[in-house]
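The values are calculated or read from the model by the stated rules, or taken from the named source; none is laboratory data. This structure is a prediction, so every number in the text was calculated from the model and none was measured. Note that we place each Cβ from the backbone using ideal geometry, even for glycine, and neighbour counts take in every protein chain shown. Just so you know, the surface numbers come from the protein's heavy atoms only, side chains and all, with ligands and any DNA or RNA stripped out. Shrake-Rupley method; radii C 1.70, N 1.55, O 1.52, S 1.80 Å.
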Amino acid sequence: MEPQDRVRVQLTVNGSEVSRLVEARRTLADFLRDDLGLRGTHTGCEQGVCGACTVLVDGVAMRSCLTFAAQLDGAAVQTVEGLAGDGDLTPLQEAFRRRHALQCGYCTPGFLMTATEFLRENPSPSEQEIRTALSGQICRCTGYENIVQAVREAAGTLQADQRRQA
Amino acid sequence: MKPASFRYAAARSVTEAVDLLSEHSDAAKLLAGGQSLVPMMNLRLSRPEILIDLNRIPQKDGIYVERGALRVEMLARQRSAERSELVRANLPILAEAISQIGHSQIRSRGTLVGSCCHADPSAEIPAVLAAVDGSVRLEGSQGLRDVPSQDFFLGFFQTALAPDEVATDLVFPLPPAGTGASFLEFARRHGDFAIVGVAALVTLGSDGSIARAALALAGVGPACVRASQAEAFLTGKRAEPTAFAEGARLASQEIEPQSDVQASEGYRRELARTLVERALATAAARAVREVA
Ligand SMILES: Cc1cc2nc3c(=O)[nH]c(=O)nc-3n(C[C@H](O)[C@H](O)[C@H](O)COP(=O)(O)OP(=O)(O)OC[C@H]3O[C@@H](n4cnc5c(N)ncnc54)[C@H](O)[C@@H]3O)c2cc1C
Ligand code: FES
Ligand code: FES
């Protein structure tokens, strides 16, 4: 195969078919934001550290700043826009709102995508497991406590704990 | 920042990747998980003209136990190995080491082979490979070769890979029965690169003395190193705290750490001493459980 400047990719993004000719150097983050207008995926560091750009590719949480769109032919990508289907927030999003788990909101899409994958794999996590799972996401506003509480609430572990203590 | 322009090719086989490398030699780079290469490209520290994507090569993501060794293929992700029952049952120190690499969203893409080819001096996987006397299998236009870890890791981000070679497998020989192992590291925050990391293996003889000890350290020099003087001292000693303390002291003296922004030379030595002592104690305790 000859190396190409531009690559044709066909993939699904939040369930919709997308076909585009992309520049080889286009990261998935920029593809989502600038080519598809999905600005919910944020970029902070563009070196894998901050986690703001985290999306799900074939159900797996990864950094969209470290993946090229050209690599994703045939993939299914889910972004924060794809969480609330018909405008109904997911239980996780609802818990973020109720628990004040965001202030400026810059980090929130990354936290939501990471926690969405995490709760799917581990529906009743301990607080320590939640903290470890979120350790790759940086938030400069909240001090993390409310984010951890929100994930616990979404997992139902918070209610269960409160019931046990009552 | 954004990467400089490049041309992209998805190799469909190892042979095709080798052909592309031979054809474009210095201008081309291989892309595996991208968790080290892409940050460097985004920072423009690396500007390959051609990127050869390995991710589309079929059936190269397996993990096998065969002929007394664990073999990890080039597209096996760090997270799959960390969770693999085969790894946890046969070489638990590898899973323990991987769990300390970055974060799960990095390990979901990053490969074990890519980590060894990148050869960061503080990386966990090369230290485990070195501790078990493992090797890296390479395929190039001249054919196949197996390179033992001590000949593979040459220095800061330097390996024995030739410009037209692809690393296809890591081979970790399984430690003998009666072996316990432990991987410990210290980083300022969970998920950061280790300032110092230690892989320790202790094999106990039937009389309870140390039949064999292996110590590999990360973050204390240009490449991961074995503490061979400490290993020699420990061999034949009773597995008890005084021996671990003396072994740790020797290890901290034979290494040649450098000062950098993360830590001074002296701090790294002290960290190495503490971590080696703890890792030996844990490995020996696990070996006792193994023997029992
Ligand atoms: C936020 C963050 C934190 C991290 N923390 C750690 C950490 O604590 N410890 C740690 O060890 N690592 C850490 N990493 C790096 C991570 O482990 C990488 O996955 C790994 O170093 C490289 O593997 P890769 O598959 O991503 O390779 P890539 O980034 O794709 O490639 C790395 C290099 O290896 C070469 N290469 C890859 N595969 C092959 C092959 N099969 N044959 C020949 N050459 C090849 C590439 O050409 C490139 O030069 C971190 C990364 C990030 C972004
Ligand atoms: S922008 Fe991708 S991790 Fe920071
Ligand atoms: S809410 Fe502002 S960075 Fe997290």
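Taking the stretch A:38-78 as the range and being part of a loop (DSSP other than H, G, I, E, B), under 15 Å from A:Pro109 (Cβ atoms) and more than 10 Å from ligand 2 (Cβ to nearest atom) as the test, the residues that pass are A:Leu38, A:Arg39, A:Gly40. For the stretch B:244-254, a residue qualifies if it is surrounded by fewer than 20 Cβ atoms within 10 Å (Cβ to Cβ) and among the small types (Gly, Ala, Ser), and exactly one does: B:Ala245. A single entry from B:Ala230, B:Ala187 fulfils the requirement of being open to solvent by less than 50 Å² (accessible area, probe 1.4 Å) and within 14 Å of chain A (Cβ to nearest Cβ): B:Ala187. Residues that are more than 16 Å from ligand 2 (Cβ to nearest atom) and open to solvent by less than 10 Å² (accessible area, probe 1.4 Å) do not occur anywhere in the stretch B:100-110.
Listed by first and then second residue, the pairs linking a residue in the stretch A:1-13 that is assigned to a strand (DSSP E or B) to a residue that is of a type in the set (Ser, Thr, Tyr), with Cβ atoms under 6 Å apart and 6 or more places separating them unless they lie on different chains, are A:Gln4/B:Tyr8; A:Val7/B:Tyr8; A:Gln10/A:Ser19. Within the stretch B:127-159, being part of a helix (DSSP H, G or I) and surrounded by 14 or more Cβ atoms within 10 Å (Cβ to Cβ) holds for B:Ala127, B:Val128, B:Leu129, B:Ala130, B:Ala131, B:Ser149, B:Gln150, B:Phe152.
Testing B:Ile98 on (1) within 11 Å of chain A (Cβ to nearest Cβ); (2) within 25 Å of the chain's Cα centre (by Cα); (3) among the aliphatic types (A, V, I, L, M); (4) within 11 Å of ligand 1 (Cβ to nearest atom), one condition comes back false. Which one is that? (1) is the only condition that B:Ile98 fails. Could you list all residues from the stretch A:111-127 that are within 12 Å of another protein chain (Cβ to nearest Cβ) and at pLDDT below 95? Listed by number, the residues that qualify are A:Glu121, A:Asn122. If you go through the stretch B:255-273 and pick out every residue that is open to solvent by less than 40 Å² (accessible area, probe 1.4 Å) and either under 15 Å from B:Ala213 (Cβ atoms) or in contact with a helix residue (DSSP H, G or I) (Cβ under 8 Å, 6 or more places away or on another chain) (or both), you end up with 4. Checking B:Gly197, B:Gly191 one by one, the residue that is assigned by TED's automatic domain parsing to the domain that holds B:Thr274, part of a loop (DSSP other than H, G, I, E, B) and more than 16 Å from ligand 3 (Cβ to nearest atom) is B:Gly191 and no other. Condition check: within 11 Å of chain B (Cβ to nearest Cβ), in contact with a Phe, Trp or Tyr (Cβ under 6 Å, 6 or more places away or on another chain), more than 26 Å from B:Leu54 (Cα to Cα) and among the hydrophobic types (A, V, I, L, M, F, W, C). Does A:Ala133 satisfy that? In short, yes. For A:Met113, all conditions in the list (1) of a type in the set (A, V, I, L, M); (2) within 8 Å of the chain's Cα centre (by Cα); (3) more than 23 Å from B:Ile106 (Cβ to Cβ) hold save one; what is the number of the exception? Evaluating A:Met113 over (1) of a type in the set (A, V, I, L, M); (2) within 8 Å of the chain's Cα centre (by Cα); (3) more than 23 Å from B:Ile106 (Cβ to Cβ) leaves (3) as the failure.
For the stretch A:104-139, which residues satisfy the criterion of being of a type in the set (Ser, Thr, Tyr), in contact (Cβ under 8 Å) with a residue 60 or more places away in the chain and under 16 Å from A:Gly48 (Cβ atoms)? Listed by number, the list holds a single entry, A:Thr114.
Residue-by-condition table, conditions (1) surrounded by fewer than 22 Cβ atoms within 10 Å (Cβ to Cβ); (2) over 22 Å from A:Cys141 (Cα atoms); (3) within 16 Å of ligand 3 (Cβ to nearest atom):
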residue	(1), (2), (3)
A:Val60	yes, yes, no
A:Phe68	no, yes, no
A:Gly82	yes, yes, no
A:Asp88	yes, yes, no
A:Glu94	yes, no, no
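For the stretch A:114-138, enumerate the residues that are within 16 Å of ligand 1 (Cβ to nearest atom) and among the hydrophobic types (A, V, I, L, M, F, W, C). Explain how you work it out, then say what you get.
Going residue by residue through the stretch A:114-138, those that are within 16 Å of ligand 1 (Cβ to nearest atom) are A:114, A:132-138.
Within the stretch A:114-138, A:Ala133, A:Leu134, A:Ile138 meet the criteria.
Per this entry, B:Phe193 is not counted among residues that are surrounded by fewer than 23 Cβ atoms within 10 Å (Cβ to Cβ) and more than 28 Å from B:Ala81 (Cα to Cα).
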